1. Quick check on this structure: which one of F82, F62 is more than 15 Å from the chain's Cα centre (by Cα) and in contact (Cβ under 8 Å) with a residue 12 or more places away in the chain?
2. Please give the number of the condition P218 fails out of (1) touching a helix residue (DSSP H, G or I) at 6+ places or on another chain (Cβ under 6 Å); (2) in contact (Cβ under 8 Å) with a residue 60 or more places away in the chain; (3) not polar (S, T, N, Q).
3. Of all residues in the range 119-135, which are within 16 Å of the ligand (Cβ to nearest atom) and closer than 13 Å to L206 by Cα?
4. So which residues in the range 121-139 are under 20 Å from H108 (Cα atoms), among the β-branched types (V, I, T) and in contact with a Leu (Cβ under 9 Å, 6 or more places away or on another chain)?
5. Can you find a residue in the range 90-105 that is among the aliphatic types (A, V, I, L, M), closer than 19 Å to L206 by Cα, within 14 Å of the ligand (Cβ to nearest atom) and buried (at least 17 other Cβ atoms within 10 Å of the Cβ)?
6. For the range 164-198, give me the residue count where each residue is over 22 Å from D15 (Cα atoms) and exposed (fewer than 14 other Cβ atoms within 10 Å of the Cβ).
7. Across the range 7-25, which residue is least open to solvent (accessible area, probe 1.4 Å) among those that are of a type outside the set (G, A, S) and away from the ligand (no atom under 14 Å from the Cβ)?
8. Of the residues A52, A84, which single one is closer than 30 Å to K223 by Cα, modelled with pLDDT of 95 or more and among the hydrophobic types (A, V, I, L, M, F, W, C)?
Amino acid sequence: MRAVITGATSGLGRDMAVLLSRSGWDLILTGRNEKELEFLKKKLPTDVQTIALDLSEEKAPFRLYKFCQGKRVDLLVNNAGFGAYGPFSDVKLKTELDMISVNVRAVHILTKLFLRDFRRRNHGRILNVASIAGLMTGPLMSTYYATKNYVVRLSLALSEELRREGSNVTVSVLCPGPVRTRFNERAGANFRPSSMTSGEVARYALEQTLEGRKLIVPGTMMKLSAVVTQLVPHTILPGILYEIQSRRGR
Ligand SMILES: NC(=O)c1ccc[n+]([C@@H]2O[C@H](COP(=O)([O-])OP(=O)(O)OC[C@H]3O[C@@H](n4cnc5c(N)ncnc54)[C@H](OP(=O)(O)O)[C@@H]3O)[C@@H](O)[C@H]2O)c1
C-alpha cells in the first residue's frame, strides 16, 4: 500500500507519515523543506520517495501528480496548509492568495486528479485536512476559515456522489481543533491546544479514514463544538467567534 502526503515536513502530516510507515505503508512525501523531507525519509522503515514543492506555485500540484504516475497510490492525504491572523484589511494580499493556492487550489486539483484514477480502479481513499474552522465563520482569520469551509463542503459533496454510485472509493474530511504544531507560529496566532496531541489526532484521523468515515472530528470537546456551532444562527456566530479570536493574537 502506498500513501501520498502533502505537508509531511512537520505537525500532523509528519505524524501521519511516521504512523503509516510503521504500519508498512510506502510513502510519497512532499513539503517545501527538502532537508526535513530527507531527514524523515532516513528515519522511516518503508520505501519513501520525496519531492520538495511549494504548493502555492501554479504548476506544483500537477508536478506532484506527475511524480506519482506509475506508482500505485492507495491513499492521498491533502494536509499542507497554513493560516494568517489579523483583520482582513491588514493581512497581506499575497499571503492570502498563497493560502488560497495551498489550502484550496492544490487540494482541489489533487483531489480531482487522484479521484479520477481511484474511481477507475474502484479503489482508494482521500483524506482532506480541513479544521473545526471549516464548520464556522472566523473574523480575524477570515480567509483561513473560508478556505477550510471550502474543503469541508467539497469533501462532503464528493463523499455523497461516491456513496450514490456505490463506489469503494471514499473521501474523508478531518476537522481538528487546535493542535500543538508549528501552525500557531506560522499563523501569528495563539490558539490553546486541545487535549489531544498531534500524534493522537493523526492516528485517529488515519483509523477513521481507512474505515471510510466522511467527517472526522477528533476529541469530545470538538465534537460538541461542531454540533453547537451548527445550531447557532449564521448571523450570531461571527460575534461569538470574534470575541474568542480577539484573544488569540500573538
Ligand atoms: N495545528 C492546528 O491547530 C490545526 C488545527 C486544525 C487544522 N489544522 C490543519 O492541519 C494541517 C497541517 O498543519 P499543522 O498543524 O501540522 O501545521 P504545521 O506544523 O505548520 O505543518 C504544515 C505543513 O504544511 C506544509 N506547507 C505549508 N505551506 C506550504 C506550501 N506553500 N507548499 C507546500 N507545503 C506547505 C508545511 O511544509 P513546509 O513548511 O516544508 O512547506 C508543513 O509540512 C493544515 O492544513 C492546517 O490548516 C491545523
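1. Working: F82 fails: more than 15 Å from the chain's Cα centre (by Cα).
Result: F62 is the single residue among F82, F62 that is more than 15 Å from the chain's Cα centre (by Cα) and in contact (Cβ under 8 Å) with a residue 12 or more places away in the chain.
2. (2)
3. Just the residues of the range 119-135 that are within 16 Å of the ligand (Cβ to nearest atom), to begin with: 126-135.
Of everything in the range 119-135, those that are within 16 Å of the ligand (Cβ to nearest atom) and closer than 13 Å to L206 by Cα turn out to be I126, L127, N128, V129.
4. I126, V129
5. Looking for residues that are among the aliphatic types (A, V, I, L, M), closer than 19 Å to L206 by Cα, within 14 Å of the ligand (Cβ to nearest atom) and buried (at least 17 other Cβ atoms within 10 Å of the Cβ), one finds none in the range 90-105, hence no.
6. Summing the residues that are over 22 Å from D15 (Cα atoms) and exposed (fewer than 14 other Cβ atoms within 10 Å of the Cβ) in the range 164-198 gives 4.
7. If we filter the range 7-25 for residues that are of a type outside the set (G, A, S), which is where we start, we get 9, 12, 14-16, 18-20, 22, 25.
Then drop every residue that is not away from the ligand (no atom under 14 Å from the Cβ), which leaves 20, 22, 25.
Working: L20: 5, R22: 182, W25: 23 Å².
Ranking the qualifying residues of the range 7-25, first place goes to L20.
8. Within the list A52, A84, the selection yields A84.
The values are calculated or read from the model by the stated rules, or taken from the named source; none is laboratory data. If you're wondering where the values come from, they're calculated on a predicted model, not measured in any experiment. For neighbour counting, all protein chains shown are included, and Cβ atoms are generated from backbone atoms with ideal geometry for every residue, glycine included. Only protein heavy atoms, including side chains, enter the accessible area calculation; ligands, DNA and RNA are left aside. Shrake-Rupley method; radii C 1.70, N 1.55, O 1.52, S 1.80 Å.
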